[in-house]
Each structure stands twice: as structure tokens, then as C-alpha cells.
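These notes concern the structure reproduced below.
The values are calculated or read from the model by the stated rules, or taken from the named source; none is laboratory data. All values derive from a computational prediction rather than experimental measurement. Heads up, the Cβs are rebuilt from the backbone with ideal geometry, glycines too, and the neighbour counts pull from every protein chain shown. The protein model used for the area step is the full one, side chains on, heavy atoms only, and it has no ligands, DNA or RNA in it. Shrake-Rupley method; radii C 1.70, N 1.55, O 1.52, S 1.80 Å.
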Amino acid sequence: MTADTASATAAAFRRAAGRFASGVTVVATRNGRHLYGITATSFVSLSMNPLLVAVSINAHSPFLDEVEAAGCFSISVLASGQRDVSQYFSTRGRGRAEGVFPGVTTAPERTGAPIVSDCLSWFDTRLHAILPGGDHQILIGEVVAAGGTEGDPLLYWAGGYRRLDPDDEGTPDGRIEEFADALSVQLHAGGLSPDELIEAQRALEPAAAELAAFRRLPDGLAALREALDEARRAAPVPDLFTAESVRFHAALGMASGNPAIAASLQALARSRHAHYSAGTSPQATERTLAAHQEIYDAIAGGDAVRAREAMTQHLAVVHRRLCPPSEEV
């Protein structure tokens, strides 16, 4: 399989996996007074004899060490009105707490692991096993107690939160992805030159960075951080690094909170990958990581002016790399 084929397969995998509707859970553990919780959608009931459940966790997440030390974890299946709880635990740094989670009510059951109050259902488990699963680890818990209440679930599908409603058109995130896919195909088929690509980015991305810093949306910050972390891990493999770097720019659009900007930046993804991959080198990788970190830090810090300037400077460097002076018009 060529690098381009592998990248296209990975992109197709993300889109296909995003079409699987799932519930949203909070997975949490307690070690003494120390609490740790994260949002996860990859939960399944695994076995009736014995009673086992499983959830997939990023292999680099410190949550795995916390669960292994505690020997237990809980899974709270969120109800339709608990989107704020999902966003709380998906925001970096908020999942760790002493004694209680600020702003989120929880209560222990048999193992002591915290369970989100008013959730749709819950499972209290002893750690049964941790199994390898590629870039994730699979937590398997033996259920020692379970419960729940009536209501509708919080659903996640195609990049957005959903409701159990046949007339529901979905959240803006899901619609943005559909529009962006269609536009991406057209742009890629027609072909964008490096100059045209950079021109489009210069028109959109500094403004997107400024808006992202102004709004500091939890989901947007989490997506930017995840793309940055994945790019850092992928640095030794040029094509994978390019894919994750492109994902950072697409995530920037979502972080801006503007649907038009978000769809436009996602639509440029294929063209970015085609042009960026040819120029990926260890030096370019190092510069890109540093620039993306600076942009993220400015956005996370709420410094809109710095965010715009950092993105503008980054695109100037990219332009010099993609369009050397001898090729400029």
C-alpha cells in the first residue's frame, strides 16, 4: 500500500466510523480522594457470563494508569440533556479533581468510582483486563453493580450531538461535514495550485484563529489539542504527520464557531494534503509543530491578536516552502 493510498484509507475510515451513531459516556475512577474522568463513545457491553463491559481509551492517556492503580472504573451513559457534562470531561485538565468534580455531581456505588448523577444508565466495575488495541487500549471491567432511569440518550453521529427525533436535521457540526465533503471532492477534482491554496488559507485561517481565541469553545480546543498531539506522535512518519497537520487546520475551522469558515477549511483538506506531503521533511515537521503549538497556546489563552498573527506568520512560512521565489508569479 502506497503512502497516498494509506492516507486516503485513513481518511475514509474516519468518515465511515463517524457514520456510526453511538451513545456518549463518562468513564471515571477514584484513587483515594483523587478523581479522574473522561468522555468516551467507544463503549460496548461485552459478556453476560461473566458480566463484562469494555471501553477503548487512547494508549497515551494517563487515565489508563489511574484505572490500573485504582483497580476499578465506572461508566455513566449520558442522557440527552447532559451535553454540558460530555463537554466538561472532554476538555483537557477538567477530568482531574480532588474529592469532587467542580460543577458536576457524582456519587459512588460499590467500588467507589464516581458515577454521574442523573445519567441514563451506569455500570460500576472492577478492572478485569487491559488489552492492546493499536493506538488504543481496551479497558474491560467486570460489572459489580448497574442501574439507570428512563429517558432519551445523548447521541453522537457524524461529528455532532443528535436527538432521537426523525425530523432532527442534526447539529451544525454534522451538516458542515456533509457540505465540506461535497466541496472537497469538487476542489480536488478541479485542482488547486499551491498559490491558490495558500491564498484561500490566508483569507480564512487568520480570521478562524482569531475567532477561536475569542470564543474558546471546549469542543474546538479539544479537537485542536488532539490533532496537535497526534501530529507530534506521527512526526517520524511523513505522510501520517501530514494527515494530522491537515487535521489541525480543519479543526481550527470548527473551533472558530463559524459554520461557513468551518466548511471551507474542511473542504481544503484534500488539496492541503496533496501539496503539503511533497514538502514534508524533518525540518519542516519541527517548524510546523512549533507553529501549531504557538497558535494553539494563543487560542487556549484567549489571545485573539496573537492567534491571528501566529497563523499569518505560519502561512507565510508555508508559502515560501510551497512556492519558492522562482515559481512565484
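Under the simplified labelling scheme, the residue 207-residue 195 pair shows an inter-label distance of 2.3 nm, with each label point 7 Å from Cα along Cα→Cβ.
For the peptides 306-315, 251-260, the ranking by packing is 251-260, 306-315, with the highest mean count of neighbouring Cβ atoms within 10 Å listed first. Shown here for the range 76-144: trypsin sites (Lys or Arg not before Pro) in loop regions (DSSP other than H, G, I, E, B) with at most 14 other Cβ atoms within 10 Å, namely 92, 110.
Solvent exposure of the range 54-153, expressed per residue, is 47 Å² of accessible area, with all protein chains present and a 1.4 angstrom probe. Test of understanding: extend the Cα→C-beta vector of residue 129 to 7 Å, then name every residue of the range 44-64 with backbone N under 14 Å from that spot. Answer for the range 44-64: 46-55.
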